[in-house]
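Contents: one structure, followed by commentary.
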Amino acid sequence: AQSVTQPDIHITVSEGASLELRCNYSYGATPYLFWYVQSPGQGLQLLLKYFSGDTLVQGIKGFEAEFKRSQSSFNLRKPSVHWSDAAEYFCAVKARDFQKLVFGTGTRLLVSP
Amino acid sequence: GAVVSQHPSWVICKSGTSVKIECRSLDFQATTMFWYRQFPKQSLMLMATSNEGSKATYEQGVEKDKFLINHASLTLSTLTVTSAHPEDSSFYICSAQTSIHTGELFFGEGSRLTVL
């Protein structure tokens, strides 16, 4: 069955430290891949997406993600976290021939001073 | 990027009443819109897929008679929670697809429903 896994429910990072949020998927073929961020009580903002081509994708707010086909992963990274990055992060996957966007369970990022 | 607007952003209603939430694509035509439900501290659960001019396709376990979805135009989809009960209290988010080729979705700001 198709699925998206974010193994980390919570992550705490010190401000200025680097960040990596994990995302693994299980699909028959390479799907479209997305990372969204959600602040409390807000909608979702698209950070970045991968459709094809260069496997290292640059997004907004200094985020990047790398698609690794062999590992079925699309991990999100940021070299230096800011306090304003504290939020919920969702990895999402969409099959290329299918309409549904499936979300992972989310990772809550906490940023410590 | 494309803008999707939801209204109202929050609503409180009495048990037994119906509530309508609107989702509009402001600067593009959306042939397909999606409605999600999000419980506190949980992920988004797809409720239904709404295609303009046709009946919505509901996910398994979602009551189509309780959650009425209408997609009458290329820029507007509505979700009506009928005979609302406290357990329907949730955060509802819509999204619209800009292109069937890219698969990218843009999301509304969400609507928080509280049923007393």
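The values are calculated or read from the model by the stated rules, or taken from the named source; none is laboratory data. Being a predicted model, the structure only gives us computed values, none of them experimental. Don't worry about glycine lacking a Cβ; one is built from the backbone with ideal geometry, like all the others, and counts go over all protein chains shown. Keep in mind that these areas ignore ligands, DNA and RNA; they rest on the heavy atoms of the full protein, side chains included. Shrake-Rupley method; radii C 1.70, N 1.55, O 1.52, S 1.80 Å.
Looking across region A:2-35, the residues that are among the hydrophobic types (A, V, I, L, M, F, W, C) and under 12 Å from the mean Cα position of the chain (by Cα) come down to A:Val4, A:Leu19, A:Leu21, A:Cys23, A:Leu33, A:Phe34, A:Trp35.
Residues being assigned to a loop (DSSP other than H, G, I, E, B), among the small types (Gly, Ala, Ser) and either touching a His at 6+ places or on another chain (Cβ under 6 Å) or open to solvent by 30 Å² or more (accessible area, probe 1.4 Å) (or both): count how many of those fall in region B:65-98.
The number of residues fulfilling the criteria is 2.
Here the strands (runs of 3 or more DSSP E) wholly within region B:11-64 that include at least 3 residues being within 13 Å of chain A (Cβ to nearest Cβ) and open to solvent by less than 30 Å² (accessible area, probe 1.4 Å) are B:32-38, B:44-51. Scanning region A:64-86 for residues that are closer than 15 Å to A:Asp8 by Cα and under 12 Å from the mean Cα position of the chain (by Cα) gives A:Ser73, A:Phe74, A:Asn75, A:Leu76, A:Arg77.
Taking strands (runs of 3 or more DSSP E) that do not extend beyond chain A, which have at least 3 residues that are buried (at least 16 other Cβ atoms within 10 Å of the Cβ) and at the interface with chain B (Cβ under 10 Å from one of its Cβ atoms)?
On the way: elements: A:3-5, A:10-14, A:19-21, A:24-26, A:32-38, A:44-50, A:56-58, A:64-68, A:73-78, A:87-94, A:101-103, A:107-112.
Correct list: A:32-38, A:44-50, A:87-94, A:101-103.
Residues in region B:88-116 that are among the acidic types (Asp, Glu) and at pLDDT 95 or above: 1 in all. Picking from residues in region B:65-95 that are over 19 Å from B:Leu26 (Cβ atoms) and more than 14 Å from the chain's Cα centre (by Cα), the one that is farthest from the other protein chains (Cβ to nearest Cβ) is B:Ser83.
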